[in-house]
């Protein structure tokens, strides 16, 4: 039997999922601004004798050199950060009216799937280690799972608003 309590619980679960997804986008966006600072911390955290530590150090050196010689290049990651923040704002629509704005959830799911070809095609071309490509793909998996749960719950919520025949 459908109850108002169940409908309210669905709305809360939908909102929580959307907020988690938005939070991930916001954190990803904000952390794309101070890359050199973050990498300067990372080179002290990850041992330089490990493959990961060596790679982090190489990335730090390249970024520090680029920022020193060509600071305008960082403008690209500023736009990357901005894009994450703007995309997070788009999810305000389904946060307020999930049924009407379910298309935004579909958009997010498509974006999560599109991470895979980008990471697995561009990664090798840009000489990104495979383990890092897998980390990038993990964002698509986690985001996709969150949004699939949100979409499933929106469909359930929709059934509360659809008259039975």
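Restricting the first member to region 112-140 and to residues that are at positive phi, and the second to residues that are surrounded by 11 or more Cβ atoms within 10 Å (Cβ to Cβ) and at pLDDT 95 or above, no beta-carbon pair is closer than 9 Å while six or more apart or on different chains. There is no residue in region 38-45 that is over 30 Å from residue 158 (Cβ atoms), touching a helix residue (DSSP H, G or I) at 6+ places or on another chain (Cβ under 6 Å), free of Cβ contacts under 8 Å to residues at least 40 places away in the same chain and part of a loop (DSSP other than H, G, I, E, B).
Which of the residues belonging to region 97-121 are over 18 Å from the mean Cα position of the chain (by Cα) and surrounded by fewer than 13 Cβ atoms within 10 Å (Cβ to Cβ)? Those that are over 18 Å from the mean Cα position of the chain (by Cα) and surrounded by fewer than 13 Cβ atoms within 10 Å (Cβ to Cβ): 97, 100, 121. Out of 17, 53, 24, which single residue is touching a helix residue (DSSP H, G or I) at 6+ places or on another chain (Cβ under 8 Å) and modelled with pLDDT under 95? Answer to the check: 53.
Screening the candidates 79, 55 for the property of being without any contact (Cβ under 8 Å) to a residue 24 or more places away in the chain and assigned to a helix (DSSP H, G or I) yields one hit, 79. On the stretch given as region 82-100, residues that are over 23 Å from residue 27 (Cα atoms) and without any contact (Cβ under 8 Å) to a residue 12 or more places away in the chain total 2. Kindly indicate whether residue 143 is under 18 Å from residue 29 (Cα atoms) and in contact (Cβ under 8 Å) with a residue 12 or more places away in the chain. Yes. Summed over region 87-123, the residues that are closer than 19 Å to residue 146 by Cα and assigned to a helix (DSSP H, G or I) give a count of 24.
The values are calculated or read from the model by the stated rules, or taken from the named source; none is laboratory data. Here the structure is a predicted model, which means the values were calculated and not measured. Note: ideal-geometry Cβ built from the backbone for every residue, glycine included; neighbour counts use all protein chains shown.
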